[in-house]
Amino acid sequence: MTEPMLTGAAALTLRARGDFASLDAATRRAITDRTSSLDATIGARTAAIIDDVRLNGDEALRRYARDFDGATLTRLEVPRERWIAALDALDPALRRSLERAVRNIAAVHTAFLPRETTVSPEPGITIGRRPDALQRVGVYAPGGRAAYPSSLFMGAIPARVAGVQEVIVCSPPGANGEPSAVVLAAAALANADRVFAVGGAGAIAALALGTDTIPRVDRIVGPGNAYVAEAKLQLVSQVTIDAPAGPSEILVLADDSANPLAVARELLAQAEHDPDAAVIAVLCGASAPALAERTERALAELVDGTPRAAIVRASLAARGAIVTVDSLANAIEIANAWAAEHLLLVVRDEVRASALAALRSAGTVFVGESSSVAFGDYMTGANHVLPTAGAARCYSGLSTLDFVRWTTWQEVTPVAAAALSDDVARFADAEALPAHAAAARAWARAGTDVTAEVGR
């Protein structure tokens, strides 16, 4: 059940508070299980949009722009000169901030570039694995009520660093028939190749299937609304995607050395995204109950002062929690099970390294009180496209690895082939594959008459 409101300077409703071990099963499920059953109408409408784009292509996209975005499109593609004009018109201070983000994202992702590896398990056997950049990727940049140049950067820059040949951007049009000016400017700074003024599930369908105007891509990345997320899932057999996506979330793992105001600020920052956002503070240490009370009071005061208070209150009431546990080990256990998109770790210096090493299921761990998630969202260079809803147990954040496929090659010398032949033939015989066995046995005398025999 939803916990009663805190009384004092401000009133606040949290889905759960208090000792985690004392929560009833229903409350635990409410704060730990962020998977949500999709509204059947979203699934059905998304499927209909995909089929429409498959059949009617650009015509369907222009219709959706008119119906959903209020834009009459004379063309789907935004000419590059419009990007440059948007970049030139940017406030100089904002441009400097964007350029700083571009430099940091490029530097970090360059350092993380995958590299070719070779190994010889036995003399004469060489196995190699080589990363080959994808040919074309699609980056979705959300629009509508808000524009997100940062999301465009997080998709386009790692793709470009990885060596992708063509980076295609799709973003919803405004009433003027173009994506927001800051998104166009970001496309120019990120060195994208093409920009299309299409959004929603229709954009994902166009990128996955191709139309007369929009080319089919090898991978689609970038966040979006429920229809965008559902379209990516429905089209996953046609195109690879980054990861299943859901509302934003944070878990703050802190001991009683933490500043309650700093913890509250981070909870607020994620709760303001969406009424479905999930935020939880797991506090440990002898004074954890007192820290929890101070954190809740700080959060209540912050909520009163934020313009997005209604969204924050809805999020906190549905999936907000400030809970305590008796030890750091238990806090880490909860954090690994919760598998947060963002995890802020605020513990004493002497245990910080061991705690970080033990955290194995998070999109990104932000280490220390000053490592606000906001810095990672925009400026540190790490990627903010991260797994949500517990998917961090098996998915990682977006990186250059997402923009390559791996080619494995192997070479066996004639002498090594002779050494392998008997064992391989026995395997093949055991699996009733006589041609495989014969192919192996043909090399039993490699380097002598087999070479001559092959040359006849």
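Applying the criterion of being part of a strand (DSSP E or B) and under 17 Å from Asp242 (Cβ atoms) to the residues of the range 400-418, the residue that is nearest to the chain's Cα centre (by Cα) is Val404.
For the range 123-146, the candidate set comprises residues that are at pLDDT below 95 and surrounded by fewer than 18 Cβ atoms within 10 Å (Cβ to Cβ); within that set, the residue that is nearest to Val228 (Cα to Cα) is Gly144. Consider Arg319 carefully, then state whether it is more than 28 Å from Ala146 (Cα to Cα), among the charged types (D, E, K, R) and either over 19 Å from the mean Cα position of the chain (by Cα) or open to solvent by 10 Å² or more (accessible area, probe 1.4 Å) (or both). No: the conditions fail for Arg319. Could you list all residues from the range 285-296 that are open to solvent by less than 60 Å² (accessible area, probe 1.4 Å) and either under 13 Å from Gly320 (Cβ atoms) or among the aliphatic types (A, V, I, L, M) (or both)? Within the range 285-296, Ala288, Ala290, Leu291, Ala292, Thr295, Glu296 qualify. Taken over the range 267-284, the residue count meeting the criterion of being in a loop (DSSP other than H, G, I, E, B) and open to solvent by less than 30 Å² (accessible area, probe 1.4 Å) is 1. Being touching a His at 6+ places or on another chain (Cβ under 8 Å) and at pLDDT 95 or above is true for just one of Val373, Val312. Which residue is that? Every option except Val373 fails the conditions.
Yes/no per residue for (1) more than 21 Å from the chain's Cα centre (by Cα); (2) of a type outside the set (Lys, Arg); (3) at pLDDT below 95:
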residue: Ala258; (1), (2), (3): yes, yes, no
residue: Leu267; (1), (2), (3): no, yes, no
residue: Pro275; (1), (2), (3): no, yes, yes
residue: Ala278; (1), (2), (3): no, yes, no
residue: Ala281; (1), (2), (3): yes, yes, no
residue: Cys284; (1), (2), (3): yes, yes, no
residue: Ala292; (1), (2), (3): yes, yes, no
residue: Thr295; (1), (2), (3): yes, yes, no
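Within the range 369-399, the only residue that satisfies the criterion of being free of Cβ contacts under 8 Å to residues at least 12 places away in the same chain and in a helix (DSSP H, G or I) is Phe375.
Annotation note: Cβ proximity below 7 Å between a residue of the range 193-209 that is within 10 Å of Pro172 (Cβ to Cβ) and at pLDDT below 95 and a residue that is of a type outside the set (Gly, Ala, Ser) and surrounded by fewer than 24 Cβ atoms within 10 Å (Cβ to Cβ) (sequence gap 6+ or interchain) occurs for no pair. Listed by first and then second residue, the pairs linking a residue in the range 10-28 that is within 23 Å of Ala310 (Cβ to Cβ) to a residue that is open to solvent by 30 Å² or more (accessible area, probe 1.4 Å) and part of a strand (DSSP E or B), with Cβ atoms under 9 Å apart and 6 or more places separating them unless they lie on different chains, are Leu12/Leu6; Thr13/Leu6; Leu14/Leu6; Arg17/Leu6. Each residue in the range 50-83 was checked for being in a helix (DSSP H, G or I) and open to solvent by 70 Å² or more (accessible area, probe 1.4 Å), and 11 of them qualify. For the range 361-368, the condition holds for no residue, the condition being that it is among the β-branched types (Val, Ile, Thr) and surrounded by fewer than 16 Cβ atoms within 10 Å (Cβ to Cβ).
The values are calculated or read from the model by the stated rules, or taken from the named source; none is laboratory data. These numbers were taken from a predicted model, which means no experiment stands behind them. Virtual Cβ from ideal backbone geometry, glycine too; neighbours counted across all protein chains shown. We work out accessible area using only protein heavy atoms, side chains counted, and drop any ligands, DNA or RNA first. Shrake-Rupley method; radii C 1.70, N 1.55, O 1.52, S 1.80 Å.
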